[in-house]
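A short write-up of the structure that comes next.
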Amino acid sequence: MLEDSLEILKKINLAGYEAYLVGGFVRDYLLGIKSNDIDICTNAKPKELVQIFSHAKIPKEDYGAVTLYYQNVRYEITTFRKDVKYKDFRRPEKVIYVDSLQEDLIRRDFTINTLCMDKDKNIIDVFHGREDLDHKLIRTVGDSYHKFSEDALRILRAVRFAAKLHFSLDPEVIQAIKDTKHLLRKISYERKREELDKVFTCNHNQYGIKLLLSLGLDKDLELSHLGDINYTDSLIGIWAVLNSSLYPFTNNEKKLISSIQDALKQDNLDPYQLYLNGLYVNSVAASIKGISQLDVAEQYAKLAIHKRSDLAITAEDILKIFDQPAGPFLKEIYEKLEKDVLYHRVVNDHYALVKYCMDYYH
Ligand code: ATP
Ligand code: MG
């Protein structure tokens, strides 16, 4: 992947422009972490890039970037620029191209995200990003208060990188976050959720959550249950505990969240509960409560039935025994049979179930 990206840099260089790998990829490369997306910065304009790479795409909103897929890897190539005027405390209103790499790097958030690599693998480190990598420190490029006031999403990015890399926040960053955190309220829940999801799913998510709490961000994020999260690596489980109606979820996520919330109130080793809400939902609930997920899996495997069709009796059999046409009573009988089989009040055997129904009927 690195060699492919250096090839891209060489192609841009050959056309007479500067180009560097920048941001997360270089940071993670120096830390020995694998990265999935690669950012490149260059003084070539999008139109010029499309001439160099005929299959490169200019996104609809032209923020001075093109997207290129090369050997199945996504490259975001951004023209050197400075951002002017922030709209909604989030997106730059317009982009002005600049000539020098240094000027482009000044607009970036953290020193560790300004590290660049040229086509010969030389590291360009204008803002002492390497030193901060060595000291495991999240520091802003320039004044922290200004950076966070300009774009409050950077507050969550600071916590996200600290959590992902297990780094500390520089004292100036901590103070500036405390002074600007109210601006988080101006950012869309969708954007906040994206960053929070990254905090909740990274290796050191507990540390990330602690940071959010110690900075007092729970209030401005409107997450009053943030302090209730116990160890779980389930993202949807965390959102179930957070119980927020403000953040956006898909219908599937909403269903899952409400099943997990229900399972949290139940005994997750109970056979009927395991049968109703299933293994996944109960495992997530168990992980939140600190109950062994292995026990849950074992109990689940031992269930007498896992679905209605596992019952050794059919709807036809039941209708015949009760001598009635299909109706709501069938659902009632089914639920009783499921419960009684699961609690071992009757064995899941055809004749046993027929007899059980007959006794119940008479
Ligand atoms: P990763 O891709 O691992 O999540 P990254 O550092 O590459 O982390 P991206 O969101 O891909 O983060 O952004 C690429 C680079 O663009 C960053 O490293 C940073 O230099 C710059 N950047 C991104 N978002 C911002 C922002 N809100 N403010 C300032 N600079 C930013
Ligand atoms: Mg990136």
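None of the figures in this text is laboratory data; all of them are computed from the coordinates on show. What you see is a predicted model, and the numbers here were worked out from it, not measured in a lab. Virtual Cβ from ideal backbone geometry, glycine too; neighbours counted across all protein chains shown.
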Over 10 Å intervals from 0, what percent of Cα-Cα pairs in the chain sits in each interval? 5, 19, 22, 19, 13, 10, 8, 5, 1, 0
Would you pull out the residues with amide H under 5 Å of residue 137's amide H, same chain only if 5 or more places away, H placed 1.01 Å from N? 168
Any idea what the alpha-carbon Rg over 2.2 N^0.38 Å comes to for region 212-362? 1.37
Tally Lys and Arg at +1 and Asp and Glu at -1 over the other residues with C-beta under 15 Å from the C-beta of residue 333: what net charge comes out? -1
In whole Å, what three semi-axes, largest first, describe the equivalent ellipsoid of region 7-70 built from its Cα gyration tensor (square root of 5 times each eigenvalue)? 21, 14, 10
Note on the chain: contact order normalised by length, alpha-carbon pairs under 8 Å, 6 or more apart, percent, works out to 9
FRET efficiency for residue 218 and residue 172, using Cβ-Cβ distance with R0 set to 22 Å, rounded to 0.05: 0.50
Please list, or write none, the lysines whose alpha carbon is within less than 21 Å of the alpha carbon of residue 181, excluding same-chain residues fewer than 8 places away. 85, 87, 147, 164, 192, 198, 210, 219
With an 8 Å Cα cut-off and a minimum separation of 6 or more residues, compute the relative contact order for region 230-303 in percent. 34
Given axes a ≥ b ≥ c from the Cα gyration tensor, I'd like to know whether region 88-178 is rounded (a/c under 1.5), prolate (a/b larger than b/c) or oblate. oblate
DSSP beta bridges in the chain [antiparallel fraction, %, rounded to 5]: 75
Here region 241-253 yields Karplus 3J(HN,Hα) values (6.51, -1.76, 1.60; θ = phi - 60°; whole Hz; Gly and Pro given as x) of 5, 5, 6, 9, 9, 8, 7, x, 9, 6, 4, 4, 4
Mind running the shape call on region 166-242? Use the C-alpha gyration tensor, a ≥ b ≥ c as the square roots of the eigenvalues: rounded below 1.5 for a/c, prolate if a/b tops b/c, oblate otherwise. oblate
Per residue, how big is the convex hull around the C-alpha atoms of region 1-129? Give it to me in cubic angstrom, could you? 110
Can you tell me how much longer the chain between residue 206 and residue 143 gets when fully stretched, taken as 0.36 nm per residue apart minus their C-alpha distance, in nm with one decimal? 19.9 nm
What percent do you get for the relative contact order of region 1-129 when only Cα pairs under 8 Å and 6+ apart count? 24
What nm distance separates the two modelled labels at residue 33 and residue 330, each placed 7 Å from Cα along Cα→Cβ? 5.6
Would region 225-273 count as rounded, prolate or oblate if I go by the C-alpha gyration tensor, calling it rounded below 1.5 in a/c and otherwise prolate when a/b exceeds b/c, oblate otherwise? oblate
Along principal axes, Cα extents of region 122-265, largest first, whole Å: 51, 29, 26
Using the Kirkwood formula over every pair of different C-alpha atoms, what hydrodynamic radius in Å results for region 271-330? 13.5
Whole-Hz Karplus ³J(HN,Hα) for region 137-153, in order, using 6.51 cos²θ - 1.76 cosθ + 1.60 and θ = phi - 60°, x for Gly and Pro? 10, 9, 10, 7, 7, x, 4, 5, 4, 5, 4, 6, 5, 5, 8, 5, 4
From the backbone phi of region 327-337, what are the Karplus-calculated ³J(HN,Hα) couplings (6.51 cos²θ - 1.76 cosθ + 1.60, θ = phi - 60°) in whole Hz, Gly and Pro given as x? x, x, 4, 4, 4, 4, 5, 4, 4, 5, 4
In whole angstrom, and with the biggest value first, how far do the Cα coordinates of region 308-361 range along each principal axis? 28, 18, 18
